[in-house]
Each structure stands twice: as structure tokens, then as C-alpha cells.
Amino acid sequence: GLASPRPLASSQSSCQTGSLEELECRDLIGSGRDRTPNALVQVAVIDPREQYLVSQACTEIVEGSRDPLFLTGVTFPPEYPASPETLVKLTVYDVRDKARDNVSKPLSSSFLGSATFSVSDLLRSKDDQLTLNLRSSDGVLAVGTVLVSRVNMGEMEEGDMDHITADVQQAQKCTLVCESSQGTPNDKDNSPLTVFKNPVCKVYKFQTVDSKWMLVREQMEECTLSFSIPRQLLHLYIQEDMRRIQELRDLGELSPHWDNLRKEVIGRYGQVIAAYQETLAELNKITGPSFKPSCSKAQRYLEFIPINLHTQRMRVTCPRQTDAFYDVITVGAPAAHFQGFKGGGLQRLLSRHEAEKKSTAYQCIYYSPEHTAKAQEVLHSVGHLQPLISGLADQLLQAAQQHSMAGLREALKTLAGKTEQFVHALKDELVKSALLALHANPGHKDGQAPLKRQDSIPCHKEYDEEEWDRVWADVAKSLNCVIAMVDKLQEQEPINNNQEQPIPKQVLADVITSHNPEGDWREQLCPLVVRLKECVAEVVVRARRAMTFVLLQEAACSIPQGLFLKQRRDVVFSQALAALACGFVMRLYAGMEDKGFLRQLHLVGLVAQFESLLSTYSEEIGMLEDMEVGISDLHRVAFKITQAKTDDPCDLQPVVIGRRDHYTVEVPLPRLAFQTLPHEIKEGKALQVYPVLFNVGINEQQTIADRFGDISLQERINQRNFEILDSYYKSLSDKVPSECLPCFQTQTDLKDLLGTLGQNVVTKKRKNVEILWLAGTICRRLNGIRFTSCKSAKDRTSMSVTLEQCALLRDEHQLNKDYFIRALDCMRREGCRIENVQKNIKCRKYAFNMLQLMAFPKIYRPPEGTYGKVDS
């Protein structure tokens, strides 16, 4: 979203290394008679000491001009800063075929000439400009010249921007682009940003409607959370399943029928654990890049890793304006690509499986998903509250030992509160009915239907139905006895102007050793406190057995398909959480100095808006069904900001804790940064995130779905998530003043934008991309986190991200409308997104064919020469 003027440290350092050279040619002659050239310059940076190539890139092609001004310039990679001796070789070509599969010259082109200069030549030049004569391959003077202009990005000021008006045709004077090779900057201030690495930077200079200039920086980075979050989740999955096995074993002696079911379930859990341990071991061996390329999306050991996860930030600098930042996270659709989509995705598979569990006769008891969720909640509650109650009971006895009525009252108040919470957590018919089922006879006579519903369970004669009620009630009775004793002790205390007087140590010792029942508070309380702890322990034992029995039935009913679906859901959630954690950290860093944002963060939370471009046809409908469940499952995640132990990068990595029904991601900050946060956040308040998903398919498969298929999944997703977004906005409006939200040039009211989005999600319109534009705009206006996805976050995602960036420049920063398409083509041809394609498939081509392009909305089509059939 639009962030406060505090960029990522790595954005500044990597984008501002070296100087930028603007390139222009004069008096070129085409390779054929009477032919105006389509000029392109190949740029090579050379280390003069070692005589090897440091980096290589190409400008865009300027068609039909003898005096072209190029959008693309030269920069130096951060790991090799420019020195006066650095050489730059410029080679000019006349292009006949625009296609190229890497950073070299196009496949069909003619050499027009080359020129070489050193950085020192440019530094000594008048007005920071060099005019170089082109020479042929044998060194003979060729026709034409190339002009190199130096622009120091770190020193460009308003006056400089106003004066940059080259005497070239109006159609050519709009942009300067530069690129930075990958590398991690060595800036001391980067320690909080250790999750981001390997930046790729592009810089543009665009003309505004009033003929001034804006500076635009694109920066794309990998995120170490691509691997660290899935590794942590796998470890937690293994721990949770191992605990489940132990709980099943702790059920003790069971009837032969239930025992056989238990053995089968434990065996299945063991298989899952072994598979997860194997995957985790393989992931721990991986070093190198911090992203999974699209060509690896179906690899087994990488299935928990998000596809092609990158951050992208656009920073805009305009005269007389504060810098603006626009962030987006790009990631392949969270889906189980290794497992495939022949039977559909999670949403369909889970619905089908739940229906089968209800209708098929199993040798177990059917419990609904709500019951199993309640069982997990009860298990967590008793596991959390029992040690708390035990500790508080000991504190009560300690206060009695010290003869402190104030301490006694305080300890009793806390103990009573936690005990009442414990009793309330167990006040559920599910516990009672599960205990009945546990003691029931699970067998059936020949000719009778096997068990499948709770109401079909015969009661065991030896089990008293009221036993659980008595045990549960004994906890409350024991607590009441403790309260009554404390009241009695208080009555025995002399009142001294309502002020408690400290008792001398010798007197207290005499009281303790005298064994006077009326004077020894601890002795009078101890039997009652012990009884309370015993009652709580007895309830815990029974509740754990009952709830573990429920989970045993759920697992037994699900074998084997249910555990496969659990694995699939684990995979999808892992990818989704890695992306969310990356986006949260980036948004947090960007908003550290924005008090309104921080207030919104702890009062309401943030919206995380996922934009999807998947079609609702063939395999992609399965991906979308996976993604829908994965994004929805993110509502089980909260974030917490902590103070890092040290500023060491290892101590600044986010940590995941919890279990499948609720996870917390702890984000550590350096001490100085942590101290600037609001009190509520520093106190450890859980920070909520509200995930929403909007999908509009745009490719040729969506054309088929629109005309002959079923688009109800897309319609349902968009309508349901609009309701979530609208509910979030209403909550935000009630709790946070509008001044906390960012300001935009476009004055459309948020309520009106939501109304328009609401109308669009119920309108029958093919490829209604306005849904995506509106949802993205609303997200930025709400200080939210933006995500864009397609199958691999490579091709369709690139078209969407570049379109959004140019639309923001037009709507928020007065980009000259006449140059909108050229700026869009420039970003798509030479910007960060084509570098993303290169990183993924080692080829500078978007994977589109002509049929796909014909199906795309026109504004989503890439420039000529940048697409073709590739293996992705």
C-alpha cells in the first residue's frame, strides 16, 4: 500500500549505486538502402583490471528513428561499484526481429557500430555529457554518434528535473531506465531487513502532464521467508502429529474394536510424520536463491514452498512532493501442484469428503467438523489452564504461609477467575457424549448396521451417565470451599482501620510452629487446595480421553482420504502463510513511522488482499479451489511484534508458534525500533489480519469457461470476500478515525468505491477486471497488504503489476496520458518483471501464445517481441 516516506534501506542503497547514463544516438543509417533503422544499444560493463564482463544489458528498441533517445540507460551492480577505470562498451544494432531469449542482442539484427568509454571520461566531460563516434568492428570510423549523459540519482533535485529537456522529438523525451544487478547491499542499517535479499532495481524518469519530471524506482527482491516459514511449519506439523499419537496411546485400554481403529490411525499418522521429516531434511540441505522458480512447482520436496515469491516496490519522487511508495507481493497461486488437480482442489475435495463421511457406513462414529474443532479447543484449554490453576493454588498457599490477607485475596481472585474459565470450557455436551461413546459397546450383531452416528450408541451398563456431571461439579464445589475458608480467615483477622499491619517475623514464626488451627492459615487451606487440584486433575484426565476419542473417530472416519486432504491443506497453507508473513513484514517496516497506521494495526488489524488471475477451467479451477481454502485458513493466523534479543540477523527472523487451528507469527524488531511502537503492541497484543481473495480469469481458458463452462466458483468467491472486506471497513470506520488512512490524489470516497465493487461482483460480465482494480484500490486506501497471483506469478502477474504501477503514476502522479502505453511497454520489456521471467526460466519471454493474447483484455497484452512459447 501507500506507505510513509521511509523506504526499505536496501531500496536506497541498491538503487543509488553508481551513476546513470542516458543514451541517445544521432545520424544513424539503416542496414538497408533507404531504410530508417530500428535502433538498439547493447551495454556491456567491463572490469579493466581483469578484463572480464561485469554485467550486460540491452536498451529497448526505438523504431524508425535516425536520432533515437533510449529509455534504458546504464548502471553498475552494487557488488561492483563504478570506479574511474571502469569501461563501458556500447554496441548499436539495427533490429529486424524483436525477439530475444536473453539479455543479448535480438536474434535478427545488423551491427551499426560501437563505442567505448571509461567512467573517468564521463566525469571529466563538460556538462556531464560525452559524444562518441561509432566505429566498425575493425576500428574504422562508422556513420553516427552516441551521446551519453550522466545523471546522479542521489543528487537530482527539483531544479535539475525542471531543466532536463532534451532537444529531441516530443514522442521520445519521456523516460530513463536503469538496472541494478542482483546483490545484497552492505549497509549497516539493513539489519532489520534480513528477510529481503538479491534486489533487482530499475529506475525511470517520466514526464508529467505539466512537462516536469518524476523519478520512478522499481525494486524487486526475494524473501528468505519463502523457505524459513515452511520449514518452521513442517516442524510444528510433526510435533502436533506426534502429540496426537501420544494422546491416542494415553487413552489406555480400549475395546478391541476401538483399539484396532487406534492402531490404524497411529500407523497413518506415522506415515505422515515420516514423509514430513523426509521433506524437512531435504529442505534443510537447500542453499542458494531464496525463491522457488516456476519450473520447480511440481517438485515433491518443494511442495510446501511458495512459487516465485517476490516483493516489488515502486517509489515515486516528484518535485515539491513527499516520496510515495507502492508495494505488492507477487506469488504463484498457493496450491498442491505436486499432488495435481484431477479430482479438483481443496474446496471441492473437502465438501465431497464430508458428504461421504455422513452417507457411508463406517466402523466409527461421525462427528461434524464443528465437533472436532471443539474437541481441539477443549484439549488446548485444559492443557493451558491446568498448570495455571496449579500454580495459582500454590501462590494462594504461599500467601497463607506469609499471613498476608491482601496477597491471599489477590491470589484467590485470579485462581477463581481461571477455575471458572476452566469449568466453562468443559461445559459442553460434547465431552459428556464422547465419554458415553468411549464406554459404549462398539460392536454390532450380524445383520445390524455398523455405527455411524452418535445417537446410535448404546449405553454401557457399567458407566453412570451422571458421573461426568458429578466430577465436573466437584471442581466448582472445591473452589467454593476455598473461597469460604478465605472468608472465614478474614473474619478472624482483627480490623485495624482497614489497614493491614505487617506481622513481625518472630511472631509469624511462633504462629507457624504453634500448630494453632485458628492461626495457621496454610494448614487450614492446604487440604481444600489439594482437593481442588485433585478435582481439576481428574476432570482433565476424563476430558482429554473424551476429546482424544472424538479426534480418533474423526481420523478413523477419514482414513485414508481424510489424511491425504490434511496433507494437501498443510501444503497449501504453508505457501499462503509464507506469502502473508512476507507481506506483513514489508508493510510493518514501511509503516514504522506512521502513527495512524500503527494505531490501525493494533485497534483493528490489516486487510490482506489477494488478487488472482486464474481461470475457472481445467487444472486452474483446482488451483483456485486450493487457493480459496488456503487464503481462508489465514484467518487462523495472528501476528505479534517482539523485541529481538540482539541485532544479529538470526535474531531478526520471524518465528511461527502454535498448532493447526491457530498460529502466531512473532516478528522481532531491534530494540530501538521496538521502543517506538505503541504501548499496546509492545505489550504483546495479537495483531489480526483479514485475508480476502478476488479472482478474475483473463486468459483463453477463461473465454471457454465464460461461454461453455461454469464460473459459479469465481462469482461465489468474489461475493463472499466482498462481504468480508465490507465488514472490515465498517469495523475500521467505528474504531479508527479517517485521518489514520493514507491520502490519495483521487478523491473518490471509500464507501463509494466499496459500493461500486459490490455492484460489480454481482454483475454478469465476462472478464470483469474492474473487480480487481477496485479491490486493489480499496486495499491501498485501507493501508492493506497487496498480493497478485496467477499460476506461477510470472506472466499474467507481470502484466497486472505493471498495469497497476502505470495506473498509479497516471492517477496519483500526473503521468502524461500520451505516454501511458509507452511507459507500460517499457516496464514490461525492460523492467523488474522481465527480470523475474529471466530468473525463473532463463529466457526473456513471457509464456504467451497468440491465442492467449487474443483472449486477453487489450491492456494486459505484452509488447511485441517479448512473448512466445517457452517451457515454464
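Take the conditions (1) of a type in the set (D, E, K, R); (2) out of contact with any strand residue (DSSP E or B) (no Cβ under 7 Å at 6 or more places or on another chain); (3) surrounded by fewer than 20 Cβ atoms within 10 Å (Cβ to Cβ); ARG671 misses just one of them, which is (2). Residue check: SER574 meets all listed conditions (1) of a type in the set (S, T, N, Q); (2) open to solvent by 10 Å² or more (accessible area, probe 1.4 Å); (3) modelled with pLDDT of 95 or more but one, namely (2). Here is the figure for region 633-647: residues that are touching a residue at least 60 places away in the same chain (Cβ under 8 Å) and open to solvent by 10 Å² or more (accessible area, probe 1.4 Å) total 1. Applying the condition of being under 25 Å from TYR846 (Cβ atoms) and open to solvent by 20 Å² or more (accessible area, probe 1.4 Å) to region 86-98 and asking which residue is modelled with the highest pLDDT yields TYR93.
Filter region 307-329 for residues that are polar (S, T, N, Q), part of a loop (DSSP other than H, G, I, E, B) and surrounded by fewer than 23 Cβ atoms within 10 Å (Cβ to Cβ) and give the result.
If the condition is that a residue be polar (S, T, N, Q), part of a loop (DSSP other than H, G, I, E, B) and surrounded by fewer than 23 Cβ atoms within 10 Å (Cβ to Cβ), then GLN321, THR322 are the ones that fit.
Taken over region 22-35, residues that are within 19 Å of LEU147 (Cα to Cα) and either basic (Lys, Arg) or open to solvent by 70 Å² or more (accessible area, probe 1.4 Å) (or both) amount to 3. Restricting ARG243, ARG249, ARG262, ARG313 to residues that are of a type in the set (D, E, K, R) and under 27 Å from THR797 (Cα atoms) narrows the list to ARG313.
Does ASP138 fit the bill of being at pLDDT 50 or above, closer than 22 Å to VAL41 by Cα and loosely packed, with under 14 Cβ neighbours inside 10 Å? When the stated conditions are applied, ASP138 passes them.
Each residue in region 649-707 was checked for being hydrophobic (A, V, I, L, M, F, W, C) and touching a Leu at 6+ places or on another chain (Cβ under 8 Å), and 14 pass. Applying the set (1) over 30 Å from GLU812 (Cα atoms); (2) outside any loop (DSSP other than H, G, I, E, B); (3) at pLDDT 95 or above to PHE304 leaves exactly one unmet item: (2).
Counting the residues of region 36-61 that are open to solvent by 30 Å² or more (accessible area, probe 1.4 Å), touching an Asp or Glu at 6+ places or on another chain (Cβ under 9 Å) and modelled with pLDDT under 80 gives 4. All of (1) out of contact with any helix residue (DSSP H, G or I) (no Cβ under 6 Å at 6 or more places or on another chain); (2) under 23 Å from ILE631 (Cβ atoms); (3) part of a loop (DSSP other than H, G, I, E, B) hold for ARG780 with one exception: (3). Just one residue in the set GLU739, GLU804 is under 29 Å from GLN702 (Cα atoms), open to solvent by 30 Å² or more (accessible area, probe 1.4 Å) and in a helix (DSSP H, G or I); that residue is GLU804.
Please report, ordered by residue number, the strands (runs of 3 or more DSSP E) entirely within region 142-239 with at least 1 residues that are modelled with pLDDT of 55 or more and aromatic (Phe, Trp, Tyr).
On the way: elements: 178-180, 196-207, 213-223.
Once the strands (runs of 3 or more DSSP E) in region 142-239 are filtered for at least 1 residues that are modelled with pLDDT of 55 or more and aromatic (Phe, Trp, Tyr), what remains is 196-207, 213-223.
ASP710 meets all of the listed conditions (1) exposed (fewer than 13 other Cβ atoms within 10 Å of the Cβ); (2) without any contact (Cβ under 8 Å) to a residue 60 or more places away in the chain; (3) farther than 29 Å from LEU225 by Cβ but one, namely (2).
The set of residues in region 367-408 being open to solvent by less than 20 Å² (accessible area, probe 1.4 Å) and outside any helix (DSSP H, G or I) consists of TYR367 alone.
Condition first: in a helix (DSSP H, G or I) and open to solvent by less than 10 Å² (accessible area, probe 1.4 Å). Now tell me which residues in region 814-850 satisfy that. Don't jump to the end; show me each part of the working.
We begin by selecting, within region 814-850, every residue in a helix (DSSP H, G or I); these are 817-830, 832-841, 850.
If the condition is that a residue be in a helix (DSSP H, G or I) and open to solvent by less than 10 Å² (accessible area, probe 1.4 Å), then ALA823, LEU824, CYS826, MET827, ARG828, GLU830, CYS832, ARG833, ILE834, ASN836, VAL837, ASN840 are the ones that fit.
Looking across region 409-419 at every residue that is in contact (Cβ under 8 Å) with a residue 40 or more places away in the chain and under 28 Å from GLY383 (Cβ atoms), the one that is surrounded by the most Cβ atoms within 10 Å (Cβ to Cβ) is identified as LEU415.
Considering each residue of region 227-250, count those that are in contact (Cβ under 8 Å) with a residue 40 or more places away in the chain and open to solvent by less than 10 Å² (accessible area, probe 1.4 Å), and give that number.
Selection size over region 227-250: 6.
Would you confirm, using the coordinates I've provided, whether VAL103 is at pLDDT 80 or above and more than 30 Å from LEU606 (Cβ to Cβ)? No; evaluated as a whole, the condition is false for this residue. Can you work out which of the residues in region 609-629 that are part of a helix (DSSP H, G or I), of a type in the set (A, V, I, L, M) and touching a helix residue (DSSP H, G or I) at 6+ places or on another chain (Cβ under 7 Å) is least open to solvent (accessible area, probe 1.4 Å)? Top of the filtered list is LEU624. Is there a residue being crowded, with 20+ Cβ neighbours inside 10 Å, assigned to a helix (DSSP H, G or I) and of a type in the set (Phe, Trp, Tyr) anywhere in region 580-595? Yes: region 580-595 contains one or more residues that are crowded, with 20+ Cβ neighbours inside 10 Å, assigned to a helix (DSSP H, G or I) and of a type in the set (Phe, Trp, Tyr). In the condition set (1) at pLDDT 90 or above; (2) within 38 Å of the chain's Cα centre (by Cα); (3) part of a helix (DSSP H, G or I); (4) charged (D, E, K, R), LYS358 is compliant with all but (1).
The values are calculated or read from the model by the stated rules, or taken from the named source; none is laboratory data. On a predicted model such as this, the values are computed, not experimentally measured, just so you know. Glycine also receives a Cβ, built like all others from the backbone with ideal geometry; neighbour counts cover every protein chain displayed. We work out accessible area using only protein heavy atoms, side chains counted, and drop any ligands, DNA or RNA first. Shrake-Rupley method; radii C 1.70, N 1.55, O 1.52, S 1.80 Å.
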